[in-house]
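Only one structure is covered here, and it is reproduced in the block below.
Read-outs: derived from the displayed coordinates by stated rules, not from any lab. Just so you know, these numbers come straight off a predicted model, no measurement behind them.
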Amino acid sequence: MAESTYEGRGTGAPPVVPVRARGTTLEGADGRRRPGCLSGAGTLALGPDHPVVPEAIRGVIDAGAPLRVPGPATPVKDAFVAERSRTPPPGPAERARVRFCGPGRDDAVATVLRLARTATGRAGGEHGAGLADRRPAGVVVEPVRDDGGVLPASDARLRRTADRSVPLIADGTPTGLGRTGTFRAVEHGGITPDARVPSGAVGGGLPLTVVVHRDDLGPPGPPTRAGDRLAMAAGTATLAHIRENGLAGHAATQGARMLNRLRTLADELACVGNVPGRGMPTGVDVVDPQAPPDGTHRHPAAPEHAAVGRERLRRGLIIDLGGPRGSAVRLLLPLTITEEQEAAVLDRLADALHTAARDHPHGEPRVPGRRHARTG
């Protein structure tokens, strides 16, 4: 269940090749152990190697049943759907329906838009940011985007989108499963979408996507895909562990602590700009504060961001540098991380940022009273 190879592009550093996972840490081919800071791009909610996941997978294999069974019902699928119903969204739980899709995020989004088009008789489907006067079949919103670092949508914007007479589809693929401090990220806005694409971690680290929708959104149709029984078993175990151990609340507490620590860095270093985040998904923008902000009110990337890339690997941090400028540092720590482990990760990140700032022109201490915009 280890995370994929990370090559440290543009840093001149050797590849990090995880070969073994133990708890919340990864062991590389070089024998060095590193904290798992990206949770398999968000697909490993419980960390690289939580024991409940391989135990569930072994249970299916040892049972000797076919790994894929045609038809709508299998005991493993029934157990998965039953576990999901134990953490129902606001509103009548009996109206929720689960459809299994192909293994990728695009499969799930295409499925839910097809349902919306059938239900409304309208064409098209838009993301909330592009919603115009016309009424499409559905509007897809991402409560937390991850294509430019970590970008939470404002609760007010979510509510405005939900007020329109258009089916609302919440895409929680990069978050969900308690990661933002609530079981579903969209719950922060106090709204109930018509359909949801749950977190990419719903398969416990194995490829699995589902759509959860209101029963009147789309016809009953043919039986949904049989799905991968190993992924369903891993997902059931993951969902149950999150629910039974209150990990959504744990994420809220840990996330608040992380944001406070990172915002302290923003007060200390001029090259640290926005500190976006909600719950466990957090990050920092490494910016050039002397350059004017662009149309998104963000400062351009600073030279330090390349140095941060090198310094993070030297300190054993497998973290993302993403966004359109490659300057957004992203952390997706596992829900099971302890306060001590989190502090160790943030200590290493702070050290990497301070070293990068010291070695570049923008490393001067922040001028008292000058603060960057913050989100989250």
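With an 8 Å Cα cut-off and a minimum separation of 6 or more residues, compute the relative contact order for the range 167-209 in percent.
Values: 63 pairs, mean separation 19.0, N = 43.
So the answer I get is 44 percent.
Over the range 236-280, what is the relative contact order in percent, taking alpha-carbon pairs closer than 8 angstrom and at least six residues apart? Walk me through the numbers before you get to the answer.
Values: 22 pairs, mean separation 18.5, N = 45.
Across the range 236-280, relative contact order equals 41 percent.
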